[in-house]
1. Have a look at the DSSP beta bridges in the chain and tell me what percent are antiparallel, nearest 5.
2. Based only on Cα atoms, what Rg/Rh ratio does the chain have, Rh being taken as Kirkwood's radius?
3. Just need the Rg to Rh number for region 81-128, please, alpha carbons only, Kirkwood Rh.
4. For the cross-link pairs 133/204; 62/183; 155/176; 61/165, which exceed 20 Å when the distance is taken from alpha carbon to alpha carbon?
5. Gaussian network model of the chain, Cα springs within a sub-10 Å range: biggest mean-square fluctuation belongs to which of 85, 171, 31?
6. As a footprinting exposure proxy, order 153, 34 by other Cβ within 10 Å, with the fewest listed first.
7. Listing 6, 182 from the residue with the fewest other Cβ atoms within 10 Å to the one with the most, what is the order?
8. Provide 93, 86, 172 in ascending order of the number of other Cβ atoms located within 10 Å of each residue's Cβ, fewest first.
Amino acid sequence: MTYYFKYIIRFFLNYKNVLFQALFYELIYSIKYLEFGSHLIINKDSKTATDSIPSTYYFVKKISDFINNNNIKNAVDLGCGLGRITNFLDDNTSAKVSGYELNTKIYRKSLKRKNKKVQLFNKNILEINFVKKNFQCFIMVDPFIKSKDTINLQKKIISSQKNKKNEIYFITVNIKNKLINKKFLKIDVIKTGKEGIISFYSYKS
């Protein structure tokens, strides 16, 4: 109970600049997807992954709009938890949507909730061979405890684009600017409160 109380406090602090919109989207879509707090999971045993606290629907809607506006055909959520983002994008965009989740228990629960067309994988995102993938948009909602993991994953993504000669997009939620690789070009940023922030980047190989 204490954990949920702290989550509510953080919600008000992190989204105070857009509180009405954030509460509106959270209420509407929580009812639609029948969540009611069931999407919050504490990773007590993990030394590398953060708790499973998905992005607010305010941010998920912004991600959806960005994907539609940029005609993105293939998107992946790196550390997808129970699939809030993957399901929403599948419902509201024409993109092919995938997600990776390391925690086996969370992954199994996500399989029961996922939309039919969404592809989910139980794998460490640091071990993905992105060279063999054709992801056009990468989404990260602060999945790591260690900053070096956040940095190394970006290096893997950039390295995978060598010789592909195309443009990819990188969307981060609640990840500090200092942890973002300088090769990513910032397109837009929305700061909603004390720590709430969503950033949109592009990279051309």
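Just so you know, all these numbers are worked out from the coordinates, no wet-lab data involved. This is a predicted model, so every value here is computed, not measured. Glycine gets a Cβ as well: all are built from the backbone with ideal geometry, and neighbour counts include every protein chain shown.
1. 50 percent
2. On the way: Rg = 16.0 Å, Rh = 17.2 Å.
Radius of gyration relative to Kirkwood radius: 0.93.
3. Numbers: Rg = 10.3 Å, Rh = 10.7 Å.
Reported Rg/Rh, Kirkwood definition of Rh: 0.96.
4. Over 20 Å Cα-Cα: 62/183; 61/165.
5. Of 85, 171, 31, the Gaussian network model singles out 31 as fluctuating most.
6. 34, 153
7. Ordered from fewest to most neighbouring Cβ atoms within 10 Å, 6, 182 come out as 182, 6.
8. Numbers: 93 20, 86 29, 172 23.
Starting with the residue having the fewest Cβ neighbours, the order is 93, 172, 86.
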